[in-house]
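Colleague: My questions all concern the structure below.
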Amino acid sequence: MAIPPVPTLPPQVAEAVDFLWAFLSTWWWVPLPFLLASLLKDFYLWWRYNVYWGKIDWVLLELRTPRDVERPMKAMEQVIANFWTLYDPPDFKEIWFEGKFLVPFELEIAGIDGNVHFFIRTPSSMRKVFESAVYSQYPDVEIVEVEDYTKQVPQDLPNENWDMWGCDFKLVKPECYPLKTYVDFFEPTTSEKEEKRIDPLAVLIEGMTRLKKGEQLWFQIRLKPVQDKDSHWIARGKKEIEKITGRKPKEAPNKSITGEAIWAFMEGRPPSFEVTKEEEKAWPVEMRLTPGERDILSAIENKIGKLGFESNVR
């Protein structure tokens with residue numbers, strides 16, 4: 001039996017394939033820089049950032065408060081607002097040649113052997129800013145530089161003699177929803193001292209005072225001042241507001257004859273008359289929101305109206 005001939009490509013196609021193969025085998029490396037540009041950029045910035053981070057001289061400041069602090073809680077909000085003045089975004093040269101970036105700082109509470117300590121961890125170049133902000137509202141507070149308490153425990157935790165557990169707190173709802181602060185725990189009274197009896201940190205501080213010898217509890221809040229152009233958190237808050245105010249109301253449940261009559265009397269239209277979308281949009285937003293939704297809108301608007309910090313709580 002004769003063996004069938006092996007099929008071959010037409011001469012024009014064969015020449016095109018040979019040319020393409022020769023071209024790729026010679027110039028295959030040309031598109032690589034473009035394909036790897038993003039990866040190389042990230043790697044370069046990561047290297048520069050690490051170099052810059054390694055040059056930072058950190059200090060740990062302890063805030064030693066008197067037993068009774070005759071200041072309203074709102075004074076601390078002003079202190080935090082003053083911390084925002086550290087916002088100093090780097091320019092093009094500082095980013096690409098120096099590796100500079102917005103350096104975060106930390107507000108820390110440490111319970112060590114039943115004693116509670118308040119700390120601020122910051123680069124030494126920013127120390128005066130923090131001292132001025134605290135002294136402006138709390139002149140009786142003593143601020144001293146201390147050794148890092150995190151280095152006073154074995155660095156190989158956990159081990160045979162020490163156990164360790166840690167976590168990062170995460171938000172359940174979008175970041176535009178505010179957390180409860182002292183305002184939500186405050187009950188207006190005629191005495192300024194009375195508000196201090198409702199302390200949001202009371203449970204945490206009380207737990208730290210009950211620690212036994214050799215036990216420690218660290219609570220750390222890392223903060224970095226930001227603007228909306230950095231993380232668009234205000235824009236996301238406004239989008240959430242639009243989502244709440246523009247939602248479609250739920251349909252009213254079926255009512256009895258008496259209920260229909262009362263409903264018709266209150267709204268001034270015959271029973272079973274459905275509201276059109278045009279009529280619905282004509283109603284003021286306040287009439288289309290529940291009391292709870294009004295409170296949520298007010299809270300979101302209040303939050304996005306304040307100075308912003310990118311934060312991590314652990």
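Colleague: Quick one: in region 46-99, which of the residues that are among the acidic types (Asp, Glu) and in contact with a helix residue (DSSP H, G or I) (Cβ under 7 Å, 6 or more places away or on another chain) is farthest from residue 143 (Cα to Cα)?
Modeller: Out of the qualifying residues, it is 98.
Colleague: Also, quick follow-up: If a residue counts only when it is at pLDDT below 90, under 15 Å from residue 240 (Cβ atoms) and not hydrophobic (A, V, I, L, M, F, W, C), which helices (runs of 4 or more DSSP H) contained entirely in region 267-314 have at least 3 such residues?
Modeller: 291-304
Colleague: While we're on this one: Of all residues being of a type in the set (A, V, I, L, M) and either on the phi > 0 side of the Ramachandran plot or exposed (fewer than 10 other Cβ atoms within 10 Å of the Cβ) (or both) in region 33-61, which is modelled with the highest pLDDT? Just the residue, please.
Modeller: Applying the filter and picking the extreme gives 39.
Colleague: In addition: Is there a residue being at pLDDT 60 or above, in a helix (DSSP H, G or I) and among the small types (Gly, Ala, Ser) anywhere in region 234-242?
Modeller: yes
Colleague: I would also like to ask the following. Going residue by residue through region 99-117, is there one that turns out to be on the phi > 0 side of the Ramachandran plot, buried (at least 16 other Cβ atoms within 10 Å of the Cβ) and of a type outside the set (D, E, K, R)?
Modeller: Checked against the condition, which is being on the phi > 0 side of the Ramachandran plot, buried (at least 16 other Cβ atoms within 10 Å of the Cβ) and of a type outside the set (D, E, K, R), region 99-117 yields at least one hit.
The values are calculated or read from the model by the stated rules, or taken from the named source; none is laboratory data. These numbers come from a predicted model, not from an experiment. Neighbour counts are summed over all protein chains in view; Cβ atoms, including those assigned to glycine, are modelled from backbone coordinates with ideal geometry.
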